[in-house]
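K.L.:
Take a look at this one; I'll ask things after.
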Amino acid sequence: MYTDKVLDHFTNPRNVGEIEDASGVGEVGNMKCGDIMKMYLKINDESNVIEDVTFKTFGCGAAIATSSMSTEMIKGKSIDEALSLTNKAIADALDGLPPVKMHCSVLAEEALKAALLDYQKKSGKNLGLNDDDFEDWDAE
Amino acid sequence: MRSIYLDHAATTPVREEVIEAMVKVLRENYGNPSSIHQFGRPSRKLIEEAREKVAKAINADPREIIFVGSGTEADNLAILGSARANKKKGNHLITTSVEHHAVLDAFKALEKEGFEVTYLPVDGEGRISVADFKNALRDNTILVSVMHANNEVGTIMPVEEIGAICREKKILFHVDAVQAVGKIPVDVTQINCDFLALSGHKIYGPKGIGVLYMRRGVRTQPLYHGGGQERKLRPGTENVPNIVGLGVAIELAVAEMETESPRLAKLRDKLIDGVLSTIPETRLNGPREGRLPHNANISIVYVEGEALLLTCDMKGMSCSSGSACTSGSLDPSHVLMAMGLSHTIAHGSLRLSLGHSTTEDDIDYIIRELKPIADRLRAMSPVWENFQKGLPIA
Ligand SMILES: Cc1ncc(COP(=O)(O)O)c(C=O)c1O
Ligand code: FES
């Protein structure tokens, strides 16, 4: 049911871990549904470039693979580029996900946005993110 | 690489003796069992021989054996059929909260038809209490359904005690023995049940064949209508190869039980002890005693079951999990939830079910390989991180 790319990212996840002095940290999901994703960003305040990104995920194979893929897709990219990353793009980069697993890719997008929101608060920059952006995301 | 099948509770490989018997029937006995000519008669004879084998295996009379299309169908025929056939006598039904969906969803359907259903709770090991059962009984209770043994955690239920009470009160009693047959003794006269369901593919027989035992004198309604096969309770031309295969399978399973079940229980205990002692923060789900001999259900806490099972599979160990991510819904297994397990524990559950092919060497391999798998997934788990830092889990 999983593509080779999903299995590759699941077996050899990129950028696992924490960043001690992260510029922004986002954690989404909950234990009830059995998926929690935490993303750490290191952002260059001058250039607005994401210099480093890591994650930790409690979740299924798709959750781990989408976390891994999303970190790869935004590493070295600008904040604006990261903001435009969608769960669909992450899933596509993995050559697709089974329909029941699309919500796991939503989680990856959310974790990234949550980390950027945290950065927005800490840096005082306005990235156009709001707390309530996270309320009714759906597995589209 | 190794390839160890550890999902015998899901299904079993078809054993050679069964394949041989079935192929012979497929090739030679195409006659319709209802035809009285020379092509039909041998097919009829094969069915009746298989019926005798099944009857003998559960200490029933051959006339009490009805071949149906699956364990699921046997459960539905017993539950839907008998509740509908006896609805004038009352509309209260009792079952447990940890039944297989074949039973639970049949009761859900009956609720929509106006029946009231009590779902008995279970303790932390997945067992119902006889006291709870007695308290649930009402004057208008007409049917009780309790599984012989649970498919996820292997817990054996007190079906004989329940059966004695039902018989005394003249309440119909159905037992889902799909997981129990061939693993522990199943005797319909000891259990005092009116119905009992079993399935071919859990006992090294074919898929898509089941049996409903129905005690003489008991009434039920067919689920659908057509020819007169199986005493009109299961119309449709009989699946002769599958029926023959089930007959061979159950005869062998029961004959070998005396040696095979203790062997499996020993391996199971070694597996449980080995995993619990080598990996920290693990727990056994279900009881130590009073458990199916081939079932080990272990939670590796702070990792998620699907990730666990995928990694196990890559290392050649194929098993299953009760986590939400494997269920296709957003909830973990209803059995683990009914046992009162936290979401964290339920999500990390792994069911390893052993069988004929399992060797001691396999068990050593599993114990050895599971630890690095748990370590790897925990290293990327934010929940494990919180646990280690003494922070709230989520
Ligand atoms: C306890 C129990 N009841 C019923 C069934 C359904 O049997 P079948 O797969 O033959 O429909 C199963 C097997 O999945 C089971 O484990
Ligand atoms: S994290 Fe639960 S299904 Fe993906």
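The values are calculated or read from the model by the stated rules, or taken from the named source; none is laboratory data. Owing to the predicted nature of the structure, the values given are computational and were not obtained by experimental measurement. Heads up, the Cβs are rebuilt from the backbone with ideal geometry, glycines too, and the neighbour counts pull from every protein chain shown. We work out accessible area using only protein heavy atoms, side chains counted, and drop any ligands, DNA or RNA first. Shrake-Rupley method; radii C 1.70, N 1.55, O 1.52, S 1.80 Å.
The rows are residues; the columns are (1) over 27 Å from B:A21 (Cβ atoms); (2) near ligand 1 (Cβ under 10 Å from one of its atoms); (3) open to solvent by 20 Å² or more (accessible area, probe 1.4 Å).
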| position | (1), (2), (3) |
| --- | --- |
| B:A180 | no, yes, no |
| B:I184 | no, no, yes |
| B:V188 | no, no, no |
| B:D194 | yes, no, no |
| B:H201 | no, yes, yes |
| B:Y204 | no, no, no |
| B:G208 | no, yes, yes |
| B:Y213 | no, no, no |
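K.L.:
Out of all the residues in segment B:220-232, which are touching a residue at least 24 places away in the same chain (Cβ under 8 Å) and in a helix (DSSP H, G or I)?
P.N.:
Selection gives B:E230, B:R231.
K.L.:
Which of the residues belonging to segment A:17-40 are open to solvent by 40 Å² or more (accessible area, probe 1.4 Å), part of a strand (DSSP E or B) and within 16 Å of ligand 2 (Cβ to nearest atom)?
P.N.:
A:E27, A:G29, A:N30
K.L.:
Search segment B:60-79 for residues that are within 16 Å of B:R44 (Cα to Cα) and pair each with any residue that is away from ligand 2 (no atom under 16 Å from the Cβ) and among the polar types (S, T, N, Q) when their beta-carbon atoms are under 6 Å apart and the residues are at least 6 apart or on different chains.
P.N.:
none
K.L.:
Here's something else I'd like to know. Across segment B:324-345, which residue is farthest from the other protein chains (Cβ to nearest Cβ) among those that are assigned to a loop (DSSP other than H, G, I, E, B) and under 17 Å from B:V153 (Cβ atoms)?
P.N.:
First, the residues of segment B:324-345 that are assigned to a loop (DSSP other than H, G, I, E, B): B:328-333, B:339-342.
Retained after the next criterion (residues that are under 17 Å from B:V153 (Cβ atoms)): B:331-333, B:339-342.
Working: B:D331: 8, B:P332: 7, B:S333: 11, B:M339: 17, B:G340: 15, B:L341: 12, B:S342: 8 Å.
Only one residue fits best here, namely B:M339.
K.L.:
Could you list, in sequence order, all residues of segment B:71-85 that are more than 10 Å from ligand 1 (Cβ to nearest atom) and open to solvent by less than 10 Å² (accessible area, probe 1.4 Å)?
P.N.:
The answer is B:L77, B:A78, B:I79, B:G81, B:S82, B:A83.
K.L.:
State all residues of segment B:1-38 that are closer than 18 Å to B:E238 by Cα, of a type outside the set (F, W, Y) and open to solvent by 100 Å² or more (accessible area, probe 1.4 Å); if no residue qualifies, say none.
P.N.:
B:K24, B:L26, B:R27, B:E28, B:I36, B:Q38 - these are the residues of segment B:1-38 that are closer than 18 Å to B:E238 by Cα, of a type outside the set (F, W, Y) and open to solvent by 100 Å² or more (accessible area, probe 1.4 Å).
K.L.:
Counting just the residues of segment B:368-380 that are within 11 Å of chain A (Cβ to nearest Cβ) and under 33 Å from the mean Cα position of the chain (by Cα), which one comes out surrounded by the fewest Cβ atoms within 10 Å (Cβ to Cβ)?
P.N.:
Of all residues in segment B:368-380, those within 11 Å of chain A (Cβ to nearest Cβ) come to B:376-380.
From what's left, under 33 Å from the mean Cα position of the chain (by Cα): B:376-378.
Values: B:R376: 16, B:L377: 22, B:R378: 22.
Looking at the filtered set, the residue picked out is B:R376.
K.L.:
Of the residues in segment A:59-82, how many are open to solvent by less than 10 Å² (accessible area, probe 1.4 Å) and either part of a helix (DSSP H, G or I) or touching a Lys or Arg at 6+ places or on another chain (Cβ under 6 Å) (or both)? Please lay out each step first, then the result.
P.N.:
Filtering segment A:59-82 for residues open to solvent by less than 10 Å² (accessible area, probe 1.4 Å) gives A:59-68, A:70-71, A:74, A:79, A:82.
Still in the list and also either part of a helix (DSSP H, G or I) or touching a Lys or Arg at 6+ places or on another chain (Cβ under 6 Å) (or both): A:61-68, A:70-71, A:74, A:79, A:82.
Final tally of qualifying residues: 13.
K.L.:
Can you name every residue in segment B:86-110 that is farther than 19 Å from B:L212 by Cβ, open to solvent by 70 Å² or more (accessible area, probe 1.4 Å) and under 24 Å from the mean Cα position of the chain (by Cα)?
P.N.:
Listed by number, the list holds a single entry, B:K108.
K.L.:
From B:I300, B:I272, grab the single residue that is surrounded by 18 or more Cβ atoms within 10 Å (Cβ to Cβ) and within 14 Å of another protein chain (Cβ to nearest Cβ).
P.N.:
B:I300
K.L.:
Inside segment B:89-139, can you point out the residues that are farther than 25 Å from B:E289 by Cβ, among the small types (G, A, S) and touching a residue at least 60 places away in the same chain (Cβ under 8 Å)?
P.N.:
Correct list: B:A102 only.
K.L.:
Let me ask another. Between residues in segment B:1-12 that are among the polar types (S, T, N, Q) and residues that are surrounded by fewer than 22 Cβ atoms within 10 Å (Cβ to Cβ) and not in a strand (DSSP E or B), which pairs lie under 6 Å by C-beta distance while being six or more apart or on different chains?
P.N.:
Between residues of segment B:1-12 that are among the polar types (S, T, N, Q) and residues that are surrounded by fewer than 22 Cβ atoms within 10 Å (Cβ to Cβ) and not in a strand (DSSP E or B), the close pairs are B:S3/B:G316; B:T12/B:G355.
K.L.:
Within segment A:41-53, identify whether any single residue is within 13 Å of ligand 2 (Cβ to nearest atom) and crowded, with 16+ Cβ neighbours inside 10 Å, and answer yes or no. Even if it seems obvious, please write down each step before you answer.
P.N.:
Within segment A:41-53, the subset within 13 Å of ligand 2 (Cβ to nearest atom) is none.
Scanning segment A:41-53 turns up no residue that is within 13 Å of ligand 2 (Cβ to nearest atom) and crowded, with 16+ Cβ neighbours inside 10 Å.
K.L.:
I'd like to verify a number: residues in segment B:223-248 that are crowded, with 17+ Cβ neighbours inside 10 Å and under 15 Å from B:S70 (Cα atoms), how many? Steps first, please.
P.N.:
Taking segment B:223-248 and keeping what is crowded, with 17+ Cβ neighbours inside 10 Å, we get B:229-230, B:233-234, B:238-248.
From what is left, the residues that are under 15 Å from B:S70 (Cα atoms) are B:230, B:233-234, B:238-247.
Total meeting the criteria: 13.
K.L.:
Still on this structure, please answer the following. Name the one entry in B:V301, B:V335 that is closer than 21 Å to B:P372 by Cβ and assigned by the TED database to the domain that holds B:R376.
P.N.:
Details: B:V335 fails: closer than 21 Å to B:P372 by Cβ.
Residue meeting the stated conditions: B:V301.
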